[in-house]
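Colleague: One structure follows; several queries about it will come next.
The values are calculated or read from the model by the stated rules, or taken from the named source; none is laboratory data. These figures come from a predicted structure and were not determined experimentally. Quick reminder, even Gly has a Cβ in these numbers, built from the backbone with ideal geometry, and neighbours come from all protein chains shown. Heads up: the accessible areas ignore ligands, DNA and RNA and are worked out on the full protein's heavy atoms, side chains in. Shrake-Rupley method; radii C 1.70, N 1.55, O 1.52, S 1.80 Å.
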Amino acid sequence: MQARLQDRVAVITGAGSGIGLATARRFASEGAKVVAVDIDADAGRAAAEEVGGEFVAADVADEEAVKALFDGVVERHGRLDVAFNNAGISPPDDDSILETGVEAWERVLKVNTTSVYYCCKYAIPHMLAQGKGSIINTASFVALMGAATSQIAYTASKGAVLSMTRELGVQFARQGIRVNALCPGPIATPLLLELFAKDAERAARRLVHVPMGRFGTPEEIAGAVAFLASDDASFITASTFLVDGGITGAYVTPL
Ligand code: NAD
């Protein structure tokens, strides 16, 4: 594996599971020093141990914790090269707007969007001081497409991540900081696989829209994140970086 991230200090939020975990493995395989952040201490610690990185327990929706996270990383490692702001939730009580209460709405916005605001707010000053850095914020293809199977707060939260990221990419473009929004399509995480294994019709209703006819894997997303984090993406900023099996480009899909 090409060591595109050799000795780069990379913070990954939500590193204990799914896309974050696959990215921790990929970053480490490319030479990065991984700081694995998660609210789930067991999962986060296991991820950090596996990749020879450091674990920091933090709730990304807590401003003080996020500030302490980034300041602490720079204090201990001397720099901050990559921030993959990826932690997010998609709880069952976030559904149709007709059913979803304001408590669920606010919780999802806080964990998915306000957290990204905090992570960028407290990562960027360190990157400005270095004159270099790459930020990747996890949005989603649902920031661009509507679904009749609504998760209204989740969709709104990802739309906000996408537009916030674009603006930051533009604002800091001449100061060496790249800020990109990663938009995964539907990804076969353990939770999703379990759900769809039990309900083939539910899976089929979604898969029919994906030109490639399958869900993506966390490893396929991790490959894209490593690219965005690396100097191979040196002319890419403020982008809507789709890794979606073609779903956002499709009208009629192959049989
Ligand atoms: P996941 O549930 O497998 O992992 C998320 C991790 O984030 C977990 O380890 C969890 O403990 C952690 N986390 C949750 N809340 C946190 C908090 N407040 N503070 C710190 N850590 C917290 O999820 P995933 O499928 O890997 O998704 C990762 C990101 O990708 C999310 O932002 C999600 O919205 C987005 N995404 C996922 C898909 C998909 O199909 N899986 C598609 C598009 C976008």
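Colleague: Any chance you could give the angle, 0 to 90 degrees and rounded to 10, that helix 18-29 forms with the longest Cα principal axis of the chain?
Modeller: 40
Colleague: Under the √(5λ) rule applied to the eigenvalues of the Cα gyration tensor, what semi-axes describe the equivalent ellipsoid of the chain? Give them in Å, descending. The partial results should precede the final answer.
Modeller: On the way: eigenvalues 163, 77, 68 Å².
Sorted largest first and rounded, they come to 29, 20, 18 Å.
Colleague: Something else: Rg to Rh for segment 136-255: what is it, with Cα atoms only and Rh by Kirkwood? Show your work: numbers first, answer last.
Modeller: Working: Rg = 15.4 Å, Rh = 15.3 Å.
Here the Rg-to-Rh quotient is 1.01.
Colleague: Roll a 1.4 Å probe over the protein chains and send me the accessible area per residue for segment 81-213 in Å². Could the numbers behind the result be given before it?
Modeller: On the way: 6520 Å² over 133 residues.
Solvent-accessible surface per residue comes out at 49 Å².
Colleague: Mind checking which lysines have their C-alpha under 21 Å from K67, skipping anything on the same chain fewer than 8 residues away?
Modeller: Result set, ordered by chain and number: K33, K110, K121, K132.
Colleague: In whole angstrom, how far apart do the alpha carbon centroids of segment 94-142 and segment 1-69 sit?
Modeller: The distance from the Cα centre of segment 94-142 to that of segment 1-69 comes to 17 Å.
Colleague: How big is D for segment 10-55, in µm² s⁻¹ as a whole number, if Stokes-Einstein is applied with the Kirkwood radius of its Cα pairs at 10 °C and 1.306 mPa s? Show your work: numbers first, answer last.
Modeller: Details: Rh = 9.5 Å.
Calculated translational D: 167 µm²/s.
Colleague: Show that you can apply the helix-only estimate: for the chain, add -39,500 (n - 2.57) for every DSSP H stretch of four or more residues, divide by all residues, and state [θ] at 222 nm to the nearest 500.
Modeller: Details: 9 runs with 111 residues, N = 255.
Value at 222 nm, helices only, nearest 500: -13500 deg cm²/dmol.
Colleague: For the chain, what's the relative contact order in percent, using C-alpha pairs closer than 8 Å and at least 6 residues apart?
Modeller: Numbers: 517 pairs, mean separation 47.9, N = 255.
Result for the chain is 19 percent.
Colleague: Right, another one. May I ask you to derive the FRET efficiency for R174 and E64 from their Cβ-Cβ distance with R0 = 30 Å, giving the value to the nearest 0.05?
Modeller: Numbers: r = 31 Å, r/R0 = 1.03.
After rounding to 0.05, the efficiency reads 0.45.
Colleague: Between D231 and D7, how many nm apart are label points set 7 Å from Cα along the C-beta direction?
Modeller: With each label placed 7 Å out from Cα toward Cβ, I get 1.2 nm.
Colleague: Further question on the same structure: What number, in percent, do you get for the relative contact order of segment 1-132 if the mean sequence gap of Cα pairs under 8 Å and at least 6 apart is divided by its residue count? Mind dumping the intermediate values first?
Modeller: Values: 232 pairs, mean separation 31.5, N = 132.
In percent, rounded to a whole number, it is 24.
Colleague: Now, a different point. Could I have the simple spin-label model distance between L195 and E50, label points 7 Å from Cα toward Cβ, reported in nm to one decimal?
Modeller: Each label point is offset 7 Å from its Cα along the Cβ direction, giving 2.1 nm.
Colleague: Once you put a point 7 Å from the Cα of V102 and another 7 Å from the Cα of D71, both along the Cβ direction, what distance in nm separates them?
Modeller: So the two model labels end up 3.3 nm from each other.
Colleague: With a cut-off of 8 Å between alpha carbons and a minimum separation of six or more residues, what is the relative contact order of segment 61-130 in percent? Could the numbers behind the result be given before it?
Modeller: On the way: 49 pairs, mean separation 34.9, N = 70.
Over segment 61-130, the number comes to 50 percent.
Colleague: Mind checking which of G185, T240, A229 is farthest towards the positive end of segment 184-255's charge dipole, using Cβ charges of +1 (Lys, Arg) and -1 (Asp, Glu) about the Cα centre?
Modeller: Farthest along the dipole direction, towards plus: G185.
Colleague: Ignoring the sites themselves, what is the longest stretch of the chain with no chymotrypsin sites (Phe, Trp or Tyr not before Pro) in a DSSP loop and at most 16 other beta-carbon atoms within 10 Å?
Modeller: Values: sites that count: F235, Y251.
My reading of the result: 1-234 is the longest stretch.
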